[in-house]
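The values are calculated or read from the model by the stated rules, or taken from the named source; none is laboratory data. The structure displayed is predicted, hence computed values, not measured ones. Here Cβ is always computed from backbone atoms with ideal geometry, including for glycine, and neighbour counts include all displayed protein chains. The protein model used for the area step is the full one, side chains on, heavy atoms only, and it has no ligands, DNA or RNA in it. Shrake-Rupley method; radii C 1.70, N 1.55, O 1.52, S 1.80 Å.
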There are 2 protein chains.
Amino acid sequence: MLKLNKKDRGDIMDHKVITLSREFGSGGRDIGKKIADELGYDFYDKELIEAAAQRSGIDPEILEQNDEKLNTRFSPSFNSMNSIIFSTSQLSLNDRTFLAEAEIIKEIANNKNAVIVGRCANYILEDYKNCYNVFIHANLEDRMERAHKAYGLPEKKLKEAILTADKKRSSYYNYYSDKQWGKAQNYHVCLDSSCLGIDKCVEILLTMVK
Amino acid sequence: MLKLNKKDRGDIMDHKVITLSREFGSGGRDIGKKIADELGYDFYDKELIEAAAQRSGIDPEILEQNDEKLNTRFSPSFNSMNSIIFSTSQLSLNDRTFLAEAEIIKEIANNKNAVIVGRCANYILEDYKNCYNVFIHANLEDRMERAHKAYGLPEKKLKEAILTADKKRSSYYNYYSDKQWGKAQNYHVCLDSSCLGIDKCVEILLTMVK
């Protein structure tokens, strides 16, 4: 039996954690990496998968396949980690991946300065006083351009791919948290990287944390 | 006949405008005033009423009574200023107030450095390239404390008063714009004044604009 308790680290800690949610193609990952480099913080995006695999014993390939993904067909009873007690045998691979990553995210937040990208980290750490929660968004045109350059997606399918990726991220977030993805009130700082540019976003977030 | 055209100032201008939307009691007005003082910008909150009265010839008391208010009973045909052509005689006092303030807001944005609080200014100026749109929010407890100190509202009615004020602001915004109040994607920067504090919000917004 497993119960996740979010209310355990409301005390103030010396180190800081920045969680970074992002629209697909907004440059959120790049911004997070630059802040981490600038501040000398550890950076976690895909790196969480390996850490969660080591900690949970789950095959890293299975974690990778289910990372930030949602398949509601296999998890009818799971809609908030706040109050539900469940047996791990009842859980879908998506749920087990989420829980394994949540444990690692809390472990990181308890112990070190870090930037953590995605994976509902702002919700998992919402009662952590040492945590800044950031959301990065951008206009569709800029995101299409960035996705084309960064991921080599064909131009014809760019818009559809971006909207589908956003839909998946918001569904994942809205499902595992009791909050709404992209609603300003769920973050401490939200930034438009189209208007501000990547470097200005980094500068603002350094101002936030210093 | 009157048609508001929002697409007329997409060019880059030397001066800057900061529009500031805010949850009731979040300290948004104070933050806006401090930024304006720090940058030497003109500051417009209630000041818009007097300016709109002078420009429109409408009695300032009527504008004050209808400022940032919505009475849908008297304005069944008005839901977006983007494309509707209408006769001023058909308009409610709320609509006339909105339009008079919108004209002043565009006039300000065309001519000077300014901070403008509320009144859908971010929507009215959404195509102005010299404009930063900011949203300030805070947790309910902090807002209750601020509202109690600033406006002397009785403690028993604080929560209700705040939620009602927010509801009015969001209804007003959602009605006159085609956007959603408090959705991160509708602003360039959103800040949580509870987590960050007023001074840090000011510092971040100065970083944004400089």
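If you check B:Asn139 against the conditions, is it in contact with a Lys or Arg (Cβ under 8 Å, 6 or more places away or on another chain) and either open to solvent by 10 Å² or more (accessible area, probe 1.4 Å) or within 14 Å of chain A (Cβ to nearest Cβ) (or both)? Working first, answer last.
Values: in contact with a Lys or Arg (Cβ under 8 Å, 6 or more places away or on another chain): no; either open to solvent by 10 Å² or more (accessible area, probe 1.4 Å) or within 14 Å of chain A (Cβ to nearest Cβ) (or both): yes.
Considered against the rule, which asks whether it is in contact with a Lys or Arg (Cβ under 8 Å, 6 or more places away or on another chain) and either open to solvent by 10 Å² or more (accessible area, probe 1.4 Å) or within 14 Å of chain A (Cβ to nearest Cβ) (or both), B:Asn139 comes out as no.
Restricted to segment B:192-204, and to residues there that are in contact with a strand residue (DSSP E or B) (Cβ under 9 Å, 6 or more places away or on another chain) and more than 9 Å from every other protein chain (Cβ to nearest Cβ), the residue that is farthest from A:Lys179 (Cα to Cα) is B:Cys201.
Checking B:Ser193, B:Ser171 one by one, the residue that is among the hydroxyl-bearing types (Ser, Thr, Tyr) and in contact with a Leu (Cβ under 7 Å, 6 or more places away or on another chain) is B:Ser171 and no other. Within the option set B:Tyr123, B:Tyr151, being in contact with a helix residue (DSSP H, G or I) (Cβ under 9 Å, 6 or more places away or on another chain) and either open to solvent by less than 60 Å² (accessible area, probe 1.4 Å) or at the interface with another protein chain (Cβ under 10 Å from one of its Cβ atoms) (or both) holds for one residue only, B:Tyr123.
When you look at B:Ser87, is it touching a strand residue (DSSP E or B) at 6+ places or on another chain (Cβ under 9 Å) and at pLDDT below 85, yes or no?
yes
Does B:Lys156 satisfy the criteria of being of a type outside the set (Gly, Ala, Ser), more than 11 Å from every other protein chain (Cβ to nearest Cβ) and either touching a strand residue (DSSP E or B) at 6+ places or on another chain (Cβ under 7 Å) or open to solvent by 60 Å² or more (accessible area, probe 1.4 Å) (or both)? Yes. Only residues that are under 15 Å from A:Ala114 (Cα atoms) and either out of contact with any strand residue (DSSP E or B) (no Cβ under 9 Å at 6 or more places or on another chain) or free of Cβ contacts under 8 Å to residues at least 12 places away in the same chain (or both): list them for segment A:19-52, please. A:Asp30, A:Lys34, A:Asp37, A:Glu38, A:Gly40, A:Glu47, listed by residue number. The set of residues in segment A:171-191 being open to solvent by 20 Å² or more (accessible area, probe 1.4 Å) and within 13 Å of chain B (Cβ to nearest Cβ) consists of A:Lys179, A:Gln180, A:Trp181, A:Lys183, A:Gln185, A:Asn186, A:His188. Within segment A:40-50, the residues that satisfy the criterion of being open to solvent by less than 30 Å² (accessible area, probe 1.4 Å) and either modelled with pLDDT under 85 or more than 16 Å from A:Asp30 (Cα to Cα) (or both) are A:Leu48, A:Ile49.
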